[in-house]
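What follows is a short report on a single structure.
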Amino acid sequence: MSTEFHGGSMALREQAHEGLRQGNLPLAEQHFARLLELIPDDVEALQFLASQRLSRGESLQAIAMLLAAERLRPDDANILHQLGVAQMAASEWRGAADSLRRSIDLMPDMFVARLRLGIALERLGDPHRALLAYFGAVNSAQAQGRWWSDDTTAPGLRDMVKYAMRFIDIGRRQLFDRVIAPLRDRYGRAELLRVEQCLAIYLGEQPARLPDSRQKPKFLYFPGVPSQTYYPTSRFPWQSRLEEAADVIREELRAVLAQDESLEPFMKFSSADAAEGYLRSSSEQTAAWDAFFFYRHGTRYDDNCKRCPRTSALLDDLPLVRIRDHAPETLFSVLRPGTHILPHRGVTNTRLVTHLPLIVPPDCAINVGGELHEWQEGRCVTFDDTFEHEAWNRSDRTRVVMILDSWNPDLTEVERAAVTDLVEAIGDFNRASEVPIVGS
């Protein structure tokens, strides 16, 4: 009996699949319905029959079937997504939001589910969370090569995607405008004019019009400041203190180098192939760019700071960029023999990069925008890393410089405060959208 039962169900499933291959949905539905009579907990039959019910506007029946499927497979993202769609059709917005949220938690790359979650949240009167969902949807889709144009967008989604993009444009403008509003009210619009232009460029409302074609910030361009590769030390009075302390810093550095396990790669790559676009070796030794961080992305490395107390105390007293979750970035940068850091660009011209060279063998240099600079031990060099730049160590010894970031001196105090608030808000928003941001 059980063999006959099994054989019958197998035959029904095959007949249903044959209907699907022929594009004969009524035939497929007929056989899936009979299969469900035999096996009431057959998930495939439940999902297909639910989709057919939904196509006829029978959303409540579809929901009932999908809830049954969800009970059988509670961690199936596709079932939850389908359930969310059916709940939206029935205007069950809270249930839809819950189902779609759960599907995204299981499969974060489901950009269509994120798009629909935005719709549900908007219907629930939660525009901020809807904005985050729409933004996450668009970025997730574009990271996968979708939604860049009509040609890369499914016809049935085009209107929804365009609506989401308009919602994002309006929502982000309002959100970030509120961030700088207190400073605008306090100091006047004229003091924030360049910040307003910077925000408009970031949001794509106006072109950047960079004065130097060699310069291209990856994240945030601040207009109206001179574009130059290197900056004279006279612009940074605090650098004299750094240079005077070079011997003390070098002494603590040598203690660090004596224990290689305290270093970590400056950039972590998933494979050797992934590293090839960033590092190259001119010798038989593997290319390596290591770091000993005092701060990274604004986070203090307490253990490292304790190991170099005099260096750490000096860094904490310098006027570095301090932006929550972003800056400062201070470290010993350790470039192994034969390593070439290939040309790349930094994120913003609101801050500059300073090197204090500590151990510099011959045949080591940095090239910023086509302008070569050879490090001199104990002498600071500051440059704008939004210009394409590269560095190399062609010697047979390790090269070490201290790296730290400071404000571009051509920004006013008010502008620095506004950029701080703005970058923190952008970072908070991007993280809340839960997906990597394309182009950031």
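Here the relative contact order of region 80-167, from alpha carbon pairs under 8 Å that lie six or more residues apart, stands at 22 percent. Determine which lysines satisfy two conditions relative to LYS306: a Cα distance under 16 Å, and not lying fewer than 8 residues away in the same chain. Filter leaves no residues.
Scan (1) 4, 16, 22, 19, 15, 11, 8, 4, 1, 0; (2) 4, 20, 28, 27, 16, 4, 0; (3) 4, 20, 27, 24, 15, 7, 2, 0 for the value of P(r) over Cα pairs in 10 Å bins from 0, in percent calculated from this model and give just the label. Answer by label: (1). Between LYS218 and MET107, the contour length at 0.36 nm per residue exceeds the Cα-Cα span by 37.1 nm. Given the C-alpha centroids of region 112-155 and region 36-105, what is the distance between them in whole angstrom? Region 112-155 and region 36-105 have Cα centres separated by 21 Å. For LYS216, a cut-off of 13 angstrom between C-alpha atoms picks up these aspartates and glutamates, skipping any fewer than 8 places away in its own chain: ASP384, ASP385, GLU388. Element breakdown for region 27-109 at a 1.4 angstrom probe: carbon and sulfur atoms account for 51% of the accessible area. Measuring r between the beta carbons of MET10 and ARG71 and using R0 = 30 Å, the FRET efficiency lands at 0.80.
Residue separation of ALA190 and HIS128 scaled by 0.36 nm, minus their Cα-Cα distance, works out to 19.4 nm of gained length.
Calculate for the chain the 222 nm mean residue ellipticity that helices alone would give, adding -39,500 (n - 2.57) per DSSP H run of length 4 or more and normalising by residue count, nearest 500 deg cm²/dmol. Calculated mean residue ellipticity at 222 nm is -15500 deg cm²/dmol.
Probe of 1.4 angstrom, ligands and nucleic acids ignored: what's the accessible area per residue over region 117-179, in square angstrom?
Counting only protein heavy atoms, the per-residue value for region 117-179 is 51 Å².
The mean sequence separation of alpha-carbon pairs under 8 Å and at least six residues apart, normalised by the residue count of region 204-331, gives a relative contact order of 21 percent. Note on ASP177 and SER234: the extension gain reaches 17.0 nm, defined as 0.36 nm multiplied by sequence separation minus the Cα-Cα distance. In straight-distance terms, cross-link reach from LYS162 covers every one of the lysines whose alpha-carbon lies under 26 Å from its own, apart from those fewer than eight places away in the same chain; here that gives LYS218.
The separation of region 281-298 from region 159-190, counted between C-alpha centres, amounts to 39 Å. Please state the shape class of region 79-230: rounded when a/c is under 1.5, otherwise prolate if a/b exceeds b/c and oblate if not, all from the C-alpha gyration tensor. Here region 79-230 falls in the prolate category. Rolled with a 1.4 Å probe across the full set of protein chains, the surface gives ASP185 an accessible area near 130 Å². Distance between the 7 Å Cα→Cβ label points at TRP148 and GLU264: 3.4 nm. Against the main long axis of the alpha-carbon atoms of the chain, helix 158-187 sits at an angle near 40°. The angle between the Cα long axis of helix 25-38 and the main principal axis of the chain comes to about 80°, on a 0 to 90 degree scale.
Counting only Cβ charges, +1 for Lys and Arg and -1 for Asp and Glu, the dipole size of the chain around its Cα centre is about 900 debye. State, as an integer percentage, the relative contact order of the chain based on alpha-carbon contacts under 8 Å between residues 6 or more apart. It rounds to 13 percent for the chain. Ordered from largest to smallest accessible area (heavy atoms of protein chains, 1.4 Å probe), the residues HIS81, HIS326 come out as HIS326, HIS81. Sequentially through region 137-143, phi angles give Karplus couplings (6.51, -1.76, 1.60; θ = phi - 60°) of 5, 5, 5, 5, 5, 5, 5 Hz, Gly and Pro residues having no value and appearing as x. The spacing between region 197-213 and region 373-393, judged by their C-alpha centroids, is 26 Å. Among the chymotrypsin sites (Phe, Trp or Tyr not before Pro) in region 343-440, none sits in a DSSP loop with a Cβ that has at most 13 other Cβ atoms within 10 Å. For region 214-304, the set of GluC sites (Glu not before Pro) satisfying both a DSSP loop assignment and a count of at most 14 other C-beta atoms within 10 Å is given as GLU276, GLU284.
The values are calculated or read from the model by the stated rules, or taken from the named source; none is laboratory data. As the structure is a computational prediction, the values presented were derived from the model and not from experiment. Counting neighbours? That spans all protein chains shown, and the Cβs are built from the backbone with ideal geometry, glycine included. What goes into the accessible areas is simple: the full protein's heavy atoms, side chains included, and nothing from ligands, DNA or RNA. Shrake-Rupley method; radii C 1.70, N 1.55, O 1.52, S 1.80 Å.
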